[in-house]
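The values are calculated or read from the model by the stated rules, or taken from the named source; none is laboratory data. Note that the structure is a prediction, hence the values are computed from the model and not measured. Heads up, the Cβs are rebuilt from the backbone with ideal geometry, glycines too, and the neighbour counts pull from every protein chain shown.
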């Protein structure tokens, strides 16, 4: 049993820790946890955001989300972006990183060239490419100068989807590339020297040294890419405004530009809860499944 | 002389190995010679590929820059070229004095947000990361999990409900309200990185600071925090870029009624339905992007280095 | 040491940015209640006809006559006023006056009841637009919306002497135009893809079933039951190449320009286009005809709308001043005439100099029996569809325009109705 004065001492000891943690916790709870809870509660209602009548409708919004063709199409498209975006960003990022991870001015310059789009707002990148790929835009102009037919980059549904993925990859792979370069640089040179003496080919080196040692970086890149691409919105907004025929609407586009803009807050909240669950599941799944690969490195 | 002989021997060993068998087969000698040849061709191939890819990266930027100074007809007919005859400042001027939206005017507000969010982010994250890094009790782990969970929560999920929270607090459409929300969004990543970094700081420093008689809080800020410089730099750079480029959050939280436009929400308001009037689009885009590009150009080694360092540490 | 340098740097940056922010915000602050003025905020749609500049000029005489009131024109944050309203209402940042919206069940609790104001009760189409017997909006005139503008030279080239009066004639005329080397139909992406199928179909659909809106909202008939024929016709036009390639990439202002530049023969659009035509260089001679009836329909309805309705928001801060502004906008002769002329609208007793095209429209307006006027898109008054119908319909029409099957569009529309009734 502790005496009151002992209790006081304990609190006095803990006080600095509490004071140091309090601001962050308060802000985080107020701006993150409370809204998240609100979103879950809202998802069970049919509120439109302003009217005074609010009805609890149970899981109706969730059922609607899974049967609404628009939401399903948006979810499928978002998963396409996440999958192909991750694949290409990491493949291209790693490939180029392997080429320019060495020292020297040309390599450093190359890094700048490939990375700079990441520093520009996704919205602006969307507008820029929208202007370049428009039916009478720059690219089609050049194609017709070269005697080829113009391509429906933004006006044909499947083409538009591919264009969105390509734009996302264009602006993002530089980030993955930088992380891979950092990883490559941290592999001790002795490993390569030893294997060279043993007569390893470049490909062997990559397979048995580089790739395994990059395992943690690969995991980080995969998770970051997957989780990040599930949230694509601004590129779709600026590049195609979700068109043509709603084919390039991502799930976040659905939440913000469809549900919210039409006052269907409850439905939008349900969609965002689903997004949360999918993000968490995918992120965890990738992280856990890579544990095996990472363990091999430490062995 | 022994040295020369040794040298000669070493040279011979490397250049003309004879019979040492190894795990990958004994074709070393030929491979060595081949590698030198391959080097040259592979170098050429490598730089050709890189060159072609670089063009794909640079040309859009080039087009954006030159199109800002051309007329609509010129943009459509002669996309890649620019000449003194067709060069005009008229559209840039129009964009600078546009009534719909003033890009340059937004620089100030956006910069203010960047600075405020970075400052508050570090001010809030560093102490709690320290508590987490040094903490040994269960609730310290819970604290970390609380913030790390934020990494998986998409901000779009909290964005709309936050409108109501801010409304209750009376901060909707105001600068403090927006800064508060943006700061909250930066906390998970920052606390994660800071606590990972602080775990590598030896406890002896804590004890040294305590001996000096400073209170725990004072001790942290004056002795430990200065050691966090590299990771603070990484974090500030990362968040500066994301706050400057953020669109959705200011669009919803600041909204149209407040009259406060950041660079990105302003671009959206300015271009909106005029997206095929290239004489509006390109100058606006150029004005919006110029500070970011210039900042990146001067800070690139720092930015790229900081990111890389953050990645390997995390 | 580091701390001090950092503090200085941060303080410097903060000071600099505050200064720049001050410069930028100064422009905004000037609008706010300077010197005890009441600020009335009006949310409006900005279109090629109704520009930001024009709106400010429109309210200038009112501000001059009421020196204690300052009118601030707000542009939408999303695509248009309709999409911005939920966000504004949710954030509590409500303007005083909202233009271009019609009352819906959800919106009505937020609106000021205008029944006490005489100018609201005597405004055009006022009684057709009551909600639960009360007046919530006041408009400035009427617009015609199910009409086709055509290039007179194109019709001459194709040997078309009289404008078509049945859909079959219209269909045949399209082929004649194509054979004469003209691109028959001007359509595009953006928000107006839906106009072509809607104008072609709705007048006949409602003629066959005057209760169509109510029945659709109640679920007594479905979209696929009533619209499939029209959509098949529309899809056939797309297949036969009567619309420009990549039409879905054409924006509203570009479509207008293309038609005025003489690149296409027929332009389905509302009567506000006549204002744009009046401003053009007149090289293209434009005529207009009402949308013909489909097989078996002798009296196709006329899609119409209330031009520029204004509503007052309860949550607005200055209701009296706002009411004064709206009264000015719908009754002041000069202001009404200005709004009618700039956007091609009509109102008895308010004449403005009309060119030939506008006179043709005036004639159609006068010759249509009052009972034949029907709403389009989401509807108004008693004839309404679930909110958001217009936008969803537009998206599905884009699907057909890009070569998708009609069955997908009708299936999606049916499912949308099921979800939103």
* Looking at the range A:198-237, which of its residues are at the interface with another protein chain (Cβ under 8 Å from one of its Cβ atoms), surrounded by fewer than 21 Cβ atoms within 10 Å (Cβ to Cβ) and in a helix (DSSP H, G or I)? -> A:204, A:220, A:227
* Name the single residue, out of those in the range B:26-56 being at pLDDT below 50 and exposed (fewer than 11 other Cβ atoms within 10 Å of the Cβ), that is farthest from residue A:97 (Cα to Cα). => B:30
* Structure fact -> Every listed condition ((1) touching a residue at least 60 places away in the same chain (Cβ under 8 Å); (2) surrounded by fewer than 17 Cβ atoms within 10 Å (Cβ to Cβ); (3) facing chain A (nearest Cβ under 8 Å)) holds for residue B:72 save (3)
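Would you check if there is a residue in the range A:18-40 being closer than 30 Å to residue C:413 by Cα and surrounded by 14 or more Cβ atoms within 10 Å (Cβ to Cβ)? So that I can check it myself, show each step before the final result.
We begin by selecting, within the range A:18-40, every residue closer than 30 Å to residue C:413 by Cα; these are A:39-40.
Filter once more, keeping what is surrounded by 14 or more Cβ atoms within 10 Å (Cβ to Cβ): A:39-40.
Within the range A:18-40, one or more residues are closer than 30 Å to residue C:413 by Cα and surrounded by 14 or more Cβ atoms within 10 Å (Cβ to Cβ).
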* **Of residues in the range A:138-160 being without any contact (Cβ under 8 Å) to a residue 40 or more places away in the chain and at the interface with another protein chain (Cβ under 8 Å from one of its Cβ atoms), the one nearest to the chain's Cα centre (by Cα)** => A:152
* Within the range A:260-275, how many residues turn out to be in a helix (DSSP H, G or I) and surrounded by 24 or more Cβ atoms within 10 Å (Cβ to Cβ)? -> 9
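Conditions (1) out of contact with any helix residue (DSSP H, G or I) (no Cβ under 7 Å at 6 or more places or on another chain); (2) over 16 Å from residue A:49 (Cα atoms); (3) in a loop (DSSP other than H, G, I, E, B); (4) within 10 Å of another protein chain (Cβ to nearest Cβ), marked per residue:
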site	(1), (2), (3), (4)
C:71	no, yes, no, no
C:79	yes, yes, yes, yes
C:84	yes, no, no, yes
C:88	yes, no, no, yes
C:94	no, no, yes, yes
C:105	yes, no, yes, yes
C:109	yes, no, no, yes
C:113	yes, yes, yes, no
* **The lone exception for residue B:158 - which of (1) assigned to a helix (DSSP H, G or I); (2) modelled with pLDDT under 90 it fails** => (2)
* Restricting the search to the range C:340-367, which residues are surrounded by 16 or more Cβ atoms within 10 Å (Cβ to Cβ) and within 19 Å of residue C:300 (Cβ to Cβ)? -> C:360, C:361, C:364, C:365
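Taking the options C:394, C:365, name whichever one is more than 21 Å from residue C:82 (Cα to Cα) and either in contact (Cβ under 8 Å) with a residue 12 or more places away in the chain or within 11 Å of chain A (Cβ to nearest Cβ) (or both).
Only one candidate qualifies: C:365.
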* Any hit, the range A:71-78, residues being surrounded by 19 or more Cβ atoms within 10 Å (Cβ to Cβ) and at pLDDT below 90 -> no
* Structure fact -> residue C:370: passes all of (1) buried (at least 16 other Cβ atoms within 10 Å of the Cβ); (2) more than 22 Å from residue A:262 (Cβ to Cβ) but (1)
* Asked: Of the residues that sit in the range C:186-210 and are without any contact (Cβ under 8 Å) to a residue 60 or more places away in the chain and part of a loop (DSSP other than H, G, I, E, B), which one is surrounded by the fewest Cβ atoms within 10 Å (Cβ to Cβ)?
  -> C:210
* Structure fact -> Of the residues in the range A:137-160, those that are touching a helix residue (DSSP H, G or I) at 6+ places or on another chain (Cβ under 6 Å) and either in a helix (DSSP H, G or I) or surrounded by fewer than 21 Cβ atoms within 10 Å (Cβ to Cβ) (or both) come to A:138, A:139, A:150, A:160
* **Among (1) surrounded by fewer than 22 Cβ atoms within 10 Å (Cβ to Cβ); (2) on the phi < 0 side of the Ramachandran plot; (3) in the same structural domain as residue C:284 (by TED's automatic domain parsing) - the single one residue C:403 does not satisfy** => (2)
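Let's see how each residue does on (1) free of Cβ contacts under 8 Å to residues at least 40 places away in the same chain; (2) under 25 Å from the mean Cα position of the chain (by Cα); (3) over 30 Å from residue B:189 (Cβ atoms):
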| residue | (1), (2), (3) |
| --- | --- |
| A:11 | yes, no, yes |
| A:14 | yes, no, no |
| A:18 | yes, no, no |
| A:22 | yes, no, no |
| A:26 | yes, no, no |
| A:29 | yes, yes, no |
| A:45 | no, no, yes |
| A:54 | yes, no, yes |
| A:64 | no, no, yes |
* Give me a count of the residues in the range C:230-262 that are in contact (Cβ under 8 Å) with a residue 40 or more places away in the chain and buried (at least 16 other Cβ atoms within 10 Å of the Cβ). => 22
* Consider residue B:294 carefully, then state whether it is at the interface with another protein chain (Cβ under 8 Å from one of its Cβ atoms), over 30 Å from residue C:254 (Cα atoms) and under 21 Å from the mean Cα position of the chain (by Cα). => no
* To do: Go through the range C:373-390 and count every residue that is free of Cβ contacts under 8 Å to residues at least 60 places away in the same chain and under 23 Å from residue C:247 (Cβ atoms).
  => 1
